[in-house]
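The values are calculated or read from the model by the stated rules, or taken from the named source; none is laboratory data. Because the structure is a prediction, the values reported are computed rather than measured. Cβ sites come from the backbone with ideal geometry, for glycine too, and all protein chains shown count toward neighbours. Ligands, DNA and RNA are stripped out before the accessible areas are found, and what is left, the full protein with its side chains, is counted by its heavy atoms. Shrake-Rupley method; radii C 1.70, N 1.55, O 1.52, S 1.80 Å.
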Amino acid sequence: MAKRFVIVTGGAGYIGSHTAVTLHEAGFTPVIIDNFSNSKPEVLEGIAKIIGGIPEFHEVDCRSQSVMTDIFQSYAAQGEVIGVIHFAAYKAVGESVKKPLEYFENNIGSTVALLGAMNASGISNLIFSSSCTVYGQPRKIPVNENAPILTAESPYGFTKQACERLIKDACKSNASLSACLLRYFNPIGAHPSALIGELPLGHPSNLIPYLTQAAAGLREPLTVFGNDYPTDDGTCVRDYIHVLDLAAAHVAALQWLEENDASCEAFNLGTGQGKSVSEVIQAFEDANGIVVPYIYGPRRSGDVTAIFADAAKAQRELGWKCERSLEDSLRDAWRWQKKLAE
Ligand code: UFG
């Protein structure tokens, strides 16, 4: 049978690596494109151990449209290229405030180049890695896909909005191009094998990588950013989704694009349940039987008070929903942290 290739830009990254594994399990052949700007070659070894073979891989910067076109065409000659899943992007909110030009250049530039390479190679399905950050602090939660897109709080958030817009416009101008804009809530956890997971380079700015490093004694106690928010316990509320549930949604979205005559559709990907920072700490302690050292500190600028997903559209259209609990995610995150420390 002809191979069914799926191009995964940023496939050595956190969500990309889990999606590559999930694609393989669903019968696709993932083709990873990554320049290791925020990942490491060892990730490919972890993927290889899970899928039982070295994945297709190209060390390329996605902004090189001609190189990307050559790669796409070489796979089209060997089988069918079903689509592209575009993860490759810079993703640190704080860093984006200090380096806006780099963020615009990399995140928007790579998406423009990718769309050009897809056009040149006749690839018609695109899945874009977006974020609930496009909603800012929504007036109504849970937030659905019709909520207004608010002015972005950070250059990072702006790049997600801009890429969504340019993909929408590209779909309008090219009837054969279809796309899903997947708006992630807070991805956490790791593959239960602990062979792949999140590899934060340097000081982690996200909650779970910091929490697990603090629990392992590798960092100062976790600072909970603010306990005076208007929530039940005063700490911010988010929707934490297991990275493998998120990965499964990409496969479902790709299959949906193959089967439907869609143009460009946005989907929220979350559990639909909001959890506060204090609840997450408690759940981590309960799931793993260890104590998390933490202190309360001031609010972090740019944080929204509470956001969680109305993911009914993804369930209805894609036939997808989360299978794993917060405790599953936190157990897998801790198993991965212990593996990193070996
Ligand atoms: N938090 C702490 N202490 C920490 C780190 C985080 O208390 O050391 C809190 C934050 O204040 C927030 C929650 O934990 O309330 C989650 O913070 P993260 O940094 O893990 O995640 P965010 O919700 O801020 O950001 C995530 C993604 C972004 C995305 C954003 C959209 O990391 O890419 O959701 O809301 F843009």
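Are any residues in segment 256-289 open to solvent by less than 40 Å² (accessible area, probe 1.4 Å) and in a strand (DSSP E or B), and if so, which ones? If the condition is that a residue be open to solvent by less than 40 Å² (accessible area, probe 1.4 Å) and in a strand (DSSP E or B), then CYS264, ALA266, PHE267, ASN268, LEU269, SER276 are the ones that fit.
Kindly provide the set of residues from segment 60-108 that are of a type outside the set (D, E, K, R), at pLDDT below 95 and assigned to a helix (DSSP H, G or I), ordered by number. Spell out the reasoning first.
Step one: list which residues in segment 60-108 are of a type outside the set (D, E, K, R), which gives 60, 62, 64-69, 71-79, 81-90, 92-94, 96-97, 100-101, 103-104, 106-108.
After this cut, where a residue has to be at pLDDT below 95 as well, the list is 92-94, 96-97.
Across segment 60-108, the qualifying residues are VAL93, GLY94, SER96, VAL97.
Hey, can you tell me all the residues within segment 230-255 that are open to solvent by less than 10 Å² (accessible area, probe 1.4 Å), outside any loop (DSSP other than H, G, I, E, B) and within 14 Å of the ligand (Cβ to nearest atom)? Within segment 230-255, ILE241, VAL243, LEU246 qualify. Considering every residue within segment 296-311, establish whether at least one is open to solvent by 20 Å² or more (accessible area, probe 1.4 Å), among the charged types (D, E, K, R) and assigned to a helix (DSSP H, G or I). No: zero hits. Is there any pair linking a residue in segment 261-276 that is without any contact (Cβ under 8 Å) to a residue 60 or more places away in the chain to one that is open to solvent by less than 50 Å² (accessible area, probe 1.4 Å) and aromatic (Phe, Trp, Tyr), with Cβ under 9 Å and at least six apart or on different chains, and which? Partner pairs satisfying both residue conditions: GLN273/TYR240; GLN273/PHE308; LYS275/TYR240; LYS275/PHE308; SER276/TYR229.
Scan segment 173-189 and tell me whether some residue there is buried (at least 23 other Cβ atoms within 10 Å of the Cβ) and over 25 Å from GLN273 (Cβ atoms). Yes: segment 173-189 contains one or more residues that are buried (at least 23 other Cβ atoms within 10 Å of the Cβ) and over 25 Å from GLN273 (Cβ atoms).
Taking segment 180-236, which residues are under 19 Å from the mean Cα position of the chain (by Cα) and of a type in the set (Phe, Trp, Tyr)? TYR184, PHE185, TYR210 - these are the residues of segment 180-236 that are under 19 Å from the mean Cα position of the chain (by Cα) and of a type in the set (Phe, Trp, Tyr).
Conditions tested, residue by residue: (1) free of Cβ contacts under 8 Å to residues at least 12 places away in the same chain; (2) over 30 Å from GLN255 (Cβ atoms); (3) within 13 Å of the ligand (Cβ to nearest atom).
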| site | (1), (2), (3) |
| --- | --- |
| ILE281 | no, yes, yes |
| ASN288 | no, yes, no |
| ARG299 | no, yes, yes |
| PHE308 | no, no, yes |
| GLY319 | no, no, no |
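Working only within segment 294-326, note down all residues that are aromatic (Phe, Trp, Tyr) and modelled with pLDDT under 95. Walk me through how you get there before you give the answer.
Of segment 294-326, the ones aromatic (Phe, Trp, Tyr) are 294, 296, 308, 320.
Once the filter is applied, which keeps residues that are aromatic (Phe, Trp, Tyr) and modelled with pLDDT under 95, segment 294-326 yields nothing.
Tell me, which strands (runs of 3 or more DSSP E) lie completely within segment 123-229 with 2 or more residues that are away from the ligand (no atom under 16 Å from the Cβ)?
Values: elements: 125-131, 178-184, 186-188, 222-225.
In segment 123-229, the matching strands (runs of 3 or more DSSP E) lie at 125-131, 178-184.
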